[in-house]
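Coordinate-derived values only; no laboratory data. None of these values were measured; they are calculated from a predicted model. Ideal geometry is used to build each Cβ from the backbone, glycine not excepted, and the neighbour counts take in all protein chains shown.
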């Protein structure tokens, strides 16, 4: 029962509490944003390159040509720092995921 | 009374952590992809409330301190102005922290969301609830949200591509703090807010889109039940002049529902730009010549025009609709390539369109967005007109159309390197010349970005501008909200 109740809580959480701090962990941030470009070949590959965590935070906050800036209301400084630290530890993916669907 | 005193008071009201006043923090909000100077559109601060009550408090403070507020939802609006303002010195009212999904009704297939909710968040939420409902995504889907896109009257590619047309009910905070729920939302203990759009009396939702008459704090949405089957494809025509016959061939199939998707009709250069750099394609000054892009497209198995579409329904219907489309496309001189698909037409998120930034490697993007009556001759006339103006300015001709109700939205990206001042100046002149040329030919516009709003508003006539001004004076007499949005001022 306890497991079921916890599962229910987890279920309810997104509707009630996805306010500021919606990100569960760095891999959630990655899978919800970064992966769409950085794992598909449309932007430089990052996983496995062990980028400097501070640089990751600065680039994500300020953007680059072709990359949007991510505002503090979307991802906090602490969440960005955690993302940078997580990314630094990531091994290279086995293979680049091809863009979803066939080439347009 | 100043922006600085407003920001200080705002910090006391909503917490200093949710106010940005320093130049370093503001810099990302001033970034602009449009070919206009950043300084003409730079915000002077950012405030990020988390509740309706905080929005009301900030409006009160803006009135007291004579500050102007520019509301954004996720603050993206790529190629239309991102978070920048129509005039410099406004304070961004950043609603990204208001990101609660307030309701999902699995029977009526509706949702009620706050402005900061993203498509990714809502998509994940529907999956977590085990609901097989699809969202219609705009191009930057995962990073943006339904409220901002709907309020800009943005579009997508599925049968629900008309985002405003599939919205149902708003909550709006007016400049004086009044809370308005539109449609059935005004009824005490309403049971029908997301069920019926029009309410009783005048239908007000439209005046809160592409406008500065209020701050929308909740939006109702209709969601598409996932179809039991679907099939996607690409119809290809080889000659630029085929635009006329292809539109006249596809129109009846869209109108009778055979082609369920709004789809995307791309010209050769737009299809190439996501995988080819300009330097690889044509390393010379001036616009990429038509024959160069067509030759490169044919080498990749593409043509002059590619219509990416989908059919939806029960399996027998999908097969039957597919056969009808194939016969029509082949009969009109095209060919059908099956099972090439755009993920966003089948309920999957993607950011594939972002690869267009690799074309020039710069950050320059401006969408020129005239409306095309869905007739072959009008589409052909618009393409010729655009090509002529762009060639004269040395600007590359790309277009991606969606085929909607009775119109196609002819959305043309001007892609350039914003670090190149000469290119930026040239693209601005081109954009202005395009507005004038299209308005002069009797065409209007679906949407535009900061820096071009006054010109586009003027093209729609003095009477519309005057009525908008009168509504503005009635609802926001101090002019607090977003002066200059869509050309509307006190």
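In whole Å, how far is the Cα centre of segment B:411-453 from that of segment B:41-82?
Between the Cα centre of segment B:411-453 and that of segment B:41-82, the gap is 26 Å.
As a test of understanding, state the convex hull volume per residue of chain B from its alpha carbons, in Å³.
So the per-residue Cα hull volume is 141 Å³.
Given the Cα-Cα distance of residue B:40 and residue B:470 and 0.36 nm per residue of separation, how much length would full extension add, in nm?
My answer for the length gained is 152.2 nm.
Please list, by residue number, everything in segment A:35-67 whose backbone N is under 12 Å from a paramagnetic label point 7 Å out along Cα→Cβ of residue A:92.
A:45-50
Note the angle between two axes, namely the Cα long axis of helix B:290-299 and the longest principal axis of the Cα atoms of chain B, as a number of degrees from 0 to 90, rounded to the nearest 10.
70 degrees
Provide B:216, B:117 in ascending order of the number of other Cβ atoms located within 10 Å of each residue's Cβ, fewest first.
B:216, B:117
Could you tell me how many degrees, from 0 to 90 and to the nearest 10, lie between the Cα long axis of helix B:3-14 and the main elongation axis, the longest principal axis, of the Cα atoms of chain B?
80 degrees
For B:7, B:179, what's the fewest-to-most ordering of other Cβ within 10 Å of each Cβ?
Neighbour counts put them in this order, fewest first: B:179, B:7.
What whole number of Å gives the distance from the Cα centroid of segment B:260-291 to the Cα centroid of segment B:150-180?
Taking the Cα centre of segment B:260-291 as reference, the centre of segment B:150-180 is 32 Å away.
To the nearest 10 degrees, how steeply does helix B:119-128 sit against the main Cα axis of chain B, on a 0 to 90 scale?
Here the helix axis deviates by roughly 90 degrees.
What spacing in nm lies between the two simple spin-label points modelled at residue B:429 and residue B:462, each 7 Å away from Cα in the Cβ direction?
In this crude label model, residue B:429 to residue B:462 measures out at 3.0 nm.
Express the C-alpha Rg of the protein assembly as shown as a ratio against the empirical globular expectation 2.2 N^0.38 Å, rounded to two decimals.
Cα Rg divided by the expected 2.2 N^0.38 Å: 0.94.
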